[in-house]
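Right, one structure below, let's go through it.
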Amino acid sequence: MSTSLILLIILIVGLAAYFAGRARAMASSKGKLSVLHSLPGYHGVYVAIWAVLPAAFVLAIWLLASPFFVENSVRSALPESVHSQGSATTELMLGQVMQVANGLKLLNTEELAAVTSGSSNLRDALAAKGVPMANAGETYMVEAAQKYNSLKDGSRWVMSAVVLIIAIAGAVFAIRGISAPFRARNRVERVMLGALLLASSIAILTTVGIVGSMLSEAIRFFQSVSPSAFFFGTVWDPRFSAAGSGGTEGQFGLLPLLAGTLYIAFVAMLFAVPVGLFAAIYMAEYARPVVRGIAKPLLEILAGIPTIVYGFFALVTVGPFLRDISAQLNGLVTGNYVNFIQAQSVLTAGLVMGIMLIPFVSSLSDDIITQVPRSLRDGSLGLGATRSETIKRVILPAALPGIVGALLLTASRAVGETMIVVLAAGVAARMQLNPFEAMTTVTVKIVNQLTGDLEFNSPQTLVAFALGITLFAITLCLNIYALYIVRKYREQYE
Amino acid sequence: MNMMSEAAVEKALDQKMNTVPFKMIGKDVSVYYGEKRALFDVNLNVRENTVTALIGPSGCGKSTFLRTLNRMNDTIDSCRVTGKITLDEGDIYDPSIDVVELRARVGMVFQKPNPFPKSIYENVTYGPKIHGLARTKAELDQIVESSLQKAGLWNEVKDRLHESGTGLSGGQQQRLCIARAVAVSPEVILMDEPCSALDPIATAKVEELIHELRTNYTIVIVTHSMQQAARVSQRTAMFHLGNLVEENDTDKMFTNPDDQRTQDYIMGRFG
Ligand SMILES: Nc1ncnc2c1ncn2[C@@H]1O[C@H](COP(=O)(O)OP(=O)(O)OP(=O)(O)O)[C@@H](O)[C@H]1O
Ligand SMILES: [Mg+2]
């Protein structure tokens, strides 16, 4: 029986158990549902859980453990001549045996007989069925493969039987426990709670795992490059690391990358904050419901555009446009038609990233502005303040902490943004202040260091993890601080 | 004449109520929220330096009428007002009227205390600053002190003027809101259930305050408490289902009303 068939049968047993449990609960209520502690449905679910969960659990354990046991016993059955050649060879042969075992299943009885008796060549017979073999194969292999197959089949049969018995036994056990005062609801809810807990711990553990693996790689990096050279170095020149070249010393200064990252994020915020904030004020305070109903979703669509599209836009449209217009301007003023804005520049990347951030700023700020209680608005208007005075003097000050939080969240997005800067910012790692020149960011360098043919043990690639964990720390701090501010602001208007 | 006690003066004032001039006149006032009509041709006049109480069961349109008096209904998109309302003979719905100026003359205190999340001082100076009522810091200080005095809050907060207004107790917050309204020197003060969020002691203070403010201001107050209406007002108007049922001297209203519905409501038979 295949695993999916077993699962299907367990589920069918579970379904049957559900109805049986329900019927049993109904019967024990003797027509008066109110004497039941829990509704019949809960009894049904309770029985179904007993039928499905233990069986599924055993199934999972068995599926995980049985290959291990089967391989172990086949390995020990391999002839002494194989074992004497060391464990690497043993594993290799074991792999071959398993391959043969798979192949044998495809042969019909006559061919099988021919192969076992040695009258036909094992390799040719299997090759005819589309199973290639590395070497000619030896006689003991057929034997071992047959043993492997029979063990595997046996284990599968036993497993099917055991699992089914457990499913049915679970259901019977649960059904026998059902009575009117039985607290089925509480137990079902406890199982539900367990499931929720499991899901959230998976989410958390994954995060911990990611951080952990990044950390361990970063530590490997810091074994070859000192942390102070990384964090305070002003030159980024990792050199080329060809496989096996070894010993090429590069310079891994974080500062030029960090400067580029922050500079571009700053330029992006310079564009996004005023536009986004004004849009939010208009939406929250002035727009009539019809306009708001159309404009708000439109703005949010902007937030849904994949950033690679923005990157494209920067590369193909904005960059060349800025370059050409700067050449024209320069020509008009000095007569020398040389562009002073590079196609890939801080300005290009910042501008396009700013466009990407506008919807974040505006929709977060809009939420915060509309959270300011109406009574404050009325109070101000009732004193004879105009709308704009009310916004300037009451609403914005009241919303300010929340807006600052929203801006920090946006900034952390800007710092972590990758695709736009990869395409629009350039790869030159340098520290300078001219926004018309190319600069590069932490994310760009992570991409650079990890693309191509490389070994994962040179500092040239490991530095990506150090960069990643640095970026993670920065955005994490920004996010935590932003959430802290936003939460404090919420409490103010409980 | 000079020897007349304060109570006797008030008595005489109340007697002459019918001769007191009108401060605001509402003629055939109707209000619609979208398709729904909330007020039906209300004719109600507000007398100068008088406390007028608006009473009636919930949803009868008291707040709606009150808000037409300083055009606060303008802030509700779906709301439409017809009829005519005048303040000192000037039509307040005239297109040439500046609603900012109107609201400076007709101030408002809300049901829930709503001090701005600013300092007590800034709360009081908010209106004067907007309307340019003070040129120097000294003048502002003067306005703050006198407004808080009038609101009976000065002694409680004079040492903490620069602490946040939201840190005061509910009753203090409401008196701060009254001080804030008074600071603009309005002629009329509208109050929508100003005591509904307050305890009896704070309520008594606010009522006393209303009593004192009456000498300088014209006051319209919405209340659900019959006792409060009887205590603080000289005139009472009874609303029911968007109609003005009866408007009369408070004494007469509570002893011998003209309309059966008023009688029923005051006796607690409905509403
Ligand atoms: N913003 C609004 N939009 C739509 N309808 C409204 C609005 N405000 C009030 N109404 C309706 O107008 C009618 C009168 O409401 P109003 O608030 O004036 O009653 P009220 O007498 O003040 O009641 P309460 O004593 O409960 O405060 C009610 O039927 C109410 O549903
Ligand atoms: Mg009301």
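The values are calculated or read from the model by the stated rules, or taken from the named source; none is laboratory data. Remember, predicted model here, so these are calculated numbers, not experimental data. All Cβ positions, even for glycine, are placed from backbone atoms using ideal geometry, and neighbour counts span all protein chains on display.
Points to keep in mind about this one:
- Restricting B:A53, B:A8 to those that are at pLDDT below 90 and under 18 Å from B:D251 (Cα atoms) reduces the list to B:A8.
- Residue pairs meeting the criteria (Cβ under 9 Å; at least 6 apart or on separate chains; first more than 13 Å from ligand 1 (Cβ to nearest atom), in region B:218-235; second among the basic types (K, R) and outside any helix (DSSP H, G or I)): B:T218/B:K23; B:T218/B:R47; B:V232/B:R214; B:Q234/B:R47; B:Q234/B:R214; B:R235/B:R47
- Boolean, B:N123 is among the polar types (S, T, N, Q), within 14 Å of chain A (Cβ to nearest Cβ) and within 14 Å of ligand 2 (Cβ to nearest atom): no
- Hits in region B:80-114 (condition: basic (K, R) and more than 14 Å from every other protein chain (Cβ to nearest Cβ)): B:R80, B:K84
- Number of the exception - A:P373 against (1) surrounded by fewer than 21 Cβ atoms within 10 Å (Cβ to Cβ); (2) more than 10 Å from every other protein chain (Cβ to nearest Cβ): (2)
- Cβ-Cβ under 8 Å pairs, at least 6 apart or on other chains, region B:47-70 side within 13 Å of ligand 2 (Cβ to nearest atom), far side among the aromatic types (F, W, Y) and not in a helix (DSSP H, G or I): B:L54/B:F239; B:I55/B:F239; B:G56/B:F239; B:P57/B:F270; B:C60/B:F239; B:G61/B:F239; B:K62/B:F239; B:F65/B:F239
- Among the residues of region A:350-383, those identified as of a type outside the set (D, E, K, R) and either without any contact (Cβ under 8 Å) to a residue 60 or more places away in the chain or in contact with a Ser or Thr (Cβ under 8 Å, 6 or more places away or on another chain) (or both) are A:M356, A:L357, A:F360, A:V361, A:L364, A:S375, A:L376, A:G379, A:S380, A:L381, A:G382, A:L383.
- Single residue of A:S150, A:S120, A:S160, A:S155 found to be in the same structural domain as A:P67 (by TED's automatic domain parsing), part of a loop (DSSP other than H, G, I, E, B) and out of contact with any Leu (no Cβ under 8 Å at 6 or more places or on another chain): A:S120
- The residue that is nearest to ligand 2 (Cβ to nearest atom), among those in region B:33-46 that are surrounded by fewer than 16 Cβ atoms within 10 Å (Cβ to Cβ) and in a strand (DSSP E or B), is B:Y33.
- B:S164, sole failed condition from (1) within 14 Å of chain A (Cβ to nearest Cβ); (2) in contact with a Ser or Thr (Cβ under 8 Å, 6 or more places away or on another chain); (3) buried (at least 16 other Cβ atoms within 10 Å of the Cβ): (3)
- Subset tally (residues that are modelled with pLDDT of 90 or more, over 25 Å from B:Q142 (Cα atoms) and more than 16 Å from ligand 2 (Cβ to nearest atom)) for region B:152-203: 0
Yes/no per residue for (1) modelled with pLDDT under 90; (2) farther than 23 Å from A:M269 by Cβ:
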| position | (1), (2) |
| --- | --- |
| A:L298 | yes, no |
| A:I308 | no, no |
| A:N330 | yes, yes |
| A:V333 | yes, yes |
| A:I341 | yes, no |
| A:S362 | no, no |
| A:D367 | yes, no |
| A:Q371 | yes, no |
